[in-house]
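Q: One structure follows; several queries about it will come next.
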RNA sequence: GCGUCCUUAGCUCAGUGGUAGAGCGCUUCGUUCACAUCGAAGAGGUCAUAGGUUCGAUCCCUAUAGGACGCACCA
């Protein structure tokens, strides 16, 4: 063996060797007789990285954890599929490219036009994809690339259109005119989950609409009061009881408004004056109040964030400016009773940072509170199904505490707005007759919803695209052939023949993936996207498959720097996984992301830690080298005979017993998803037991003993080493594979039996 | 407002109902053959605080303090 472990040479060579073997593909494992065709399946679908850039440490952690599960399952003899892919990440990718183009060419997407702009995005996405693919392989991830998917490729597009069509037919997808979160900067709607609240100071003013109006109200947005159609008070509030039900005409800064006083329990008696001006068109909460009471709404702000109200003071002004003008006018009229500074959470768009303007718009939604007959045959709402999936044990979430967080989110869930006014993404599979398109609120227009375009002339497809999480939500089954190869035959094209009578589970190949690998065994992802993604997959699978999409959810934390800060370009604290892999090895990088971290907790990483595990690699190499140097001809024969030698010394027997005990522990930890514990025990054993104690103790015998003793020593040491390599393999696949093949030429460790 | 997590060695973090662990850092010694990308030896901790349960608590329970976070509200 080489005196020094050449990380880059070995890792590159082993990576090629694995890829050429084809063993990442479970079908080939079956074909080559490595896995029995009726072996228990194990499947993970990779959370697809966004094609917005390159791999970061968070991805590396994800790859390390999943690869541990996958390699362990494969070595246990399971039919193991880990399916890779990438995510088009609609809004994230589009805004990234928009920024680049604006910076380099000073143009926006409208300057380029839809087709040209989309071409630019596709080019960017392709480059990003290629980089991510190379990087992923570099980390040693044993993914089956023959099944690679993309959330925006042809198969997934068909899956998306089919899903939309079916959910529309079930009454779960509807088009409605409702208040949505409008991002004036990105010029699109966004979902509730894409909102980030920022605390800012705001001025709360208490005022009356006019001198004759009997109730004072408080607001931080006086400019929206042109759109008020009611004043709401709490039903138990004695102060206002006499006014409830009365209607008033008021002159608000020169504009006539009509107000009804209503009682609604959502109003807090103790806030402000206890009376709330209801602005149905520009507040989500007010819209809901208005719906409960049958109030009209009056839109006074447009998509650009400008006032549309017929009032000379503010017309065409931006909201922030209008706010000042209205406040000043109220002051002038002597209507303000109080002005105070309060902290306020302002809703901003996650991607663009724009301040959200709630607006009434005609959009597509998924109904979460509507009962429907689901594929499992029961009448439930999506909310109920999502809750039951976890509550009834169909899905176990690790760490368990996230189950409560999940339930809490479901309880507060509103209908999901799925249409976006951006260009990059899945076009909504709805066609309108051209003359009527967008002309009215669905009464007068003819719409066609389908997986394929309608026959005949004059149809034009909805220009909007779908929320990126719509296609991500289908990922656990759209990657496995749904709907084309759905077992129930509900698909277009020729259903695959299953008439050859083969027993269930014995059929291999991608056309049987849905049957073999769905539900996925595990969904492993970051806890930060439990709502965005995990919940949406459960939603989609409940609606379309009638069952859970996966059996278990394992959530990892965020990778932070050694001071606990998020890694970011602006802080300059990014530790790049590829740089680290080149410097210290992918093995060491992986280990640093596993040991010393607990599931669901954030991972604090420093280069020192990675270097520490590089030293461990070196240690392993030197242990192997020492053992290898003491090989004799006799010992070679002994090793070939196997480990059941008759004349085994007491000391050697103890080594083997201890090793067996370790294996029991490590196996239990792996079965319990306690990877950090398994890795730490192995680390401790190899360094402080095998190297420090056992190898030291055997040195004497190897120096002074008889040939027979030398051979016995070598045999035991080699056995201990090989067993250790095997257990370490899921964690440090490269170096273990390399050394294993030096000791056992031609035997690939990756597919050895655990 | 509801809820979660964290507080353990100088730093970053694991862990356990019964003598407290890792990486890095620190001190001393060591380069004759597995390994200086190292070895040997060592210093360093009333496991946040106060109660409780227990034969026994760093671990379980309650409260408090500090820190981080999620959700809702945010007129």
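Every number in this text was worked out from the coordinates using simple rules, so none of it is lab data. Worth saying up front: this structure is predicted, and the values here are computed from it rather than measured. Note: ideal-geometry Cβ built from the backbone for every residue, glycine included; neighbour counts use all protein chains shown.
Q: Can you tell me the mean projection area, over all orientations, of the convex hull of segment A:499-595's alpha carbons? Units nm², please.
A: The number I arrive at for segment A:499-595 is 10.0 nm².
Q: Cα-based Rg (one decimal) and Dmax (whole number) for segment A:1-77, in Å?
A: Expressed in Å, the Cα Rg and Dmax of segment A:1-77 come to 15.6, 44.
Q: Next up: What is the Cα convex hull volume of segment A:215-267 when expressed per residue in Å³?
A: Measuring per residue, one finds 80 Å³ for the Cα hull of segment A:215-267.
Q: Please report, in whole Å, how far the alpha carbons of segment A:597-754 spread along each principal axis, starting with the longest.
A: That works out to 54, 31, 29 Å along the principal axes.
Q: Still on this structure: Rg to Rh ratio, segment A:209-358, alpha-carbon atoms and Kirkwood radius?
A: Reported Rg/Rh (Cα atoms, Kirkwood Rh): 0.94.
Q: Right, next: I'd like the FRET efficiency for residue A:321 and residue A:579, computed as 1/(1 + (r/R0)^6) with the beta carbon distance as r and R0 of 51 Å, rounded to 0.05.
A: 0.60
Q: Suppose the chain between residue A:700 and residue A:339 were pulled fully straight at 0.36 nm per residue; how much longer would it get relative to their current alpha carbon spacing?
A: Separation in residues times 0.36 nm, less the Cα-Cα distance, equals 121.2 nm.
Q: Report, to two decimal places, the Cα Rg of chain A normalised by 2.2 N^0.38 Å (N = number of residues).
A: Dividing the Cα radius of gyration by 2.2 N^0.38 Å gives 1.16.
Q: Then there is this: Once a ≥ b ≥ c are taken as the square roots of the eigenvalues of the Cα gyration tensor of segment A:515-559, is the result rounded (a/c under 1.5), prolate (a/b larger than b/c) or oblate (a/b not larger than b/c)? Don't skip to the end; give the middle numbers.
A: Values: a/c = 3.71, a/b = 1.58, b/c = 2.34.
Oblate, because a/c is 1.5 or more while a/b does not exceed b/c.
Q: Apply the a/c threshold of 1.5 to the C-alpha gyration tensor of segment A:170-290 and tell me whether it is rounded, prolate or oblate.
A: Prolate is the answer for segment A:170-290, as a/c is 1.5 or above and a/b outweighs b/c.
Q: Would you kindly state how much longer the chain becomes between residue A:371 and residue A:134 on full extension, computed as 0.36 nm times their sequence separation minus their alpha carbon distance, in nm to one decimal?
A: So the extension gain works out to 80.8 nm.
Q: Out of all DSSP beta bridges in chain A, what portion is antiparallel? Express it as a percent rounded to 5. Intermediate results must be reported in sequence, preceding the final value.
A: On the way: 56 of 80 bridges.
Taking every DSSP beta bridge within chain A, about 70 percent pair in antiparallel fashion.
Q: While we're here: With a 10 Å radius around each residue's Cβ, average the other Cβ atoms per peptide and rank A:377-383, A:226-232, highest first. Present the calculation step by step, with values, prior to reporting the outcome.
A: Values: A:377-383: 15.3, A:226-232: 25.4.
Descending packing order for the listed peptides: A:226-232, A:377-383.
Q: For segment A:524-680, restrict the atom set to alpha-carbon positions and state the Rg and Dmax in Å.
A: Over segment A:524-680's Cα set, Rg and Dmax evaluate to 22.0, 65 Å.
Q: Also, I was wondering about something else. Below 8 Å, C-alpha to C-alpha, sequence gap of six or more: please give me the relative contact order for segment A:514-673 in percent.
A: 18
Q: Continuing with this model, one more query. Between residue A:660 and residue A:266, how many nm apart are label points set 7 Å from Cα along the C-beta direction?
A: Once both label points are built, they end up 6.7 nm from each other.
Q: Another question, if that's okay. Percent relative contact order of chain A, based on C-alpha pairs within less than 8 angstrom and at least six residues apart?
A: The value is 16 percent.
Q: From Cα coordinates alone, what are the radius of gyration and Dmax values for segment A:1-41 in angstrom?
A: 14.7, 44
Q: Same structure again: How high is the FRET efficiency from residue A:238 to residue A:602, r the C-beta distance, R0 45 Å, rounded to 0.05?
A: Taking R0 as 45 Å, the efficiency between residue A:238 and residue A:602 is 0.35.
Q: Right, something else. Could you run the Debye sum over the Cα atoms of segment A:557-618, one equal point scatterer each and no solvent, and tell me log10 of I(q)/I(0) at q = 0.11, 0.29 Å⁻¹, two decimals?
A: -0.22, -1.26
Q: If the chain between residue A:155 and residue A:119 were fully stretched, how many nm would it gain, using 0.36 nm times the residue separation less the Cα-Cα distance?
A: Taking 0.36 nm per residue and subtracting the Cα distance, the gain is 11.0 nm.
Q: Please report the relative contact order for segment A:196-308, taking Cα pairs under 8 Å with a sequence separation of at least 6, and give it as a percent rounded to a whole number. List each step's numbers first, then the result.
A: Numbers: 205 pairs, mean separation 31.0, N = 113.
Dividing the mean separation by the residue count of segment A:196-308 yields 27 percent.
Q: What list do you get for A:471, A:146, A:724 if you sort them by fewest beta carbons within 10 Å?
A: Arranged by neighbour count, lowest to highest, A:471, A:146, A:724 become A:146, A:724, A:471.
Q: Mind jotting down a quarter of the surface of the convex hull over the alpha carbons of segment A:288-385, in square nanometres, one decimal?
A: Computing the convex hull of the Cα atoms and averaging its projections yields 10.8 nm².
Q: Set the Förster distance to 45 Å, then compute FRET efficiency between residue A:671 and residue A:107 from the Cβ-Cβ distance, nearest 0.05.
A: So, using R0 = 45 Å, E works out to roughly 0.20.
Q: Here's something else I'd like to know. If you take the Cα atoms of segment A:319-373, find Rg, then find the Kirkwood Rh from the mean of 1/r over all pairs, what is Rg/Rh?
A: In segment A:319-373, Rg relative to Rh is 1.19.
Q: List A:607, A:737, A:20 from most exposed to least, where exposure is judged by having the fewest other Cβ atoms within 10 Å.
A: Numbers: A:607 15, A:737 25, A:20 8.
Starting with the residue having the fewest Cβ neighbours, the order is A:20, A:607, A:737.
Q: On to the next question. Given 4 °C and 1.567 mPa s, compute D for segment A:51-157 with the Stokes-Einstein relation, Rh being the Kirkwood radius over Cα pairs; round to the nearest whole µm²/s.
A: 83
Q: Ok, one more. What value does segment A:122-226 have for Rg/Rh, both radii from Cα atoms and Rh as Kirkwood defines it? Provide the component values of the computation, followed by the final result.
A: Working: Rg = 24.5 Å, Rh = 20.2 Å.
Rounded to two decimals, Rg/Rh equals 1.21.
Q: Same structure again: Give me the Kirkwood hydrodynamic radius of segment A:315-463 in Å, from all C-alpha pairs, to one decimal place?
A: Answer for segment A:315-463: a Kirkwood hydrodynamic radius of 20.8 Å.
Q: Could you rank the peptides A:238-251, A:659-672, A:304-317 by their average count of other C-beta atoms within 10 Å per residue, with the highest value first?
A: A:304-317, A:659-672, A:238-251
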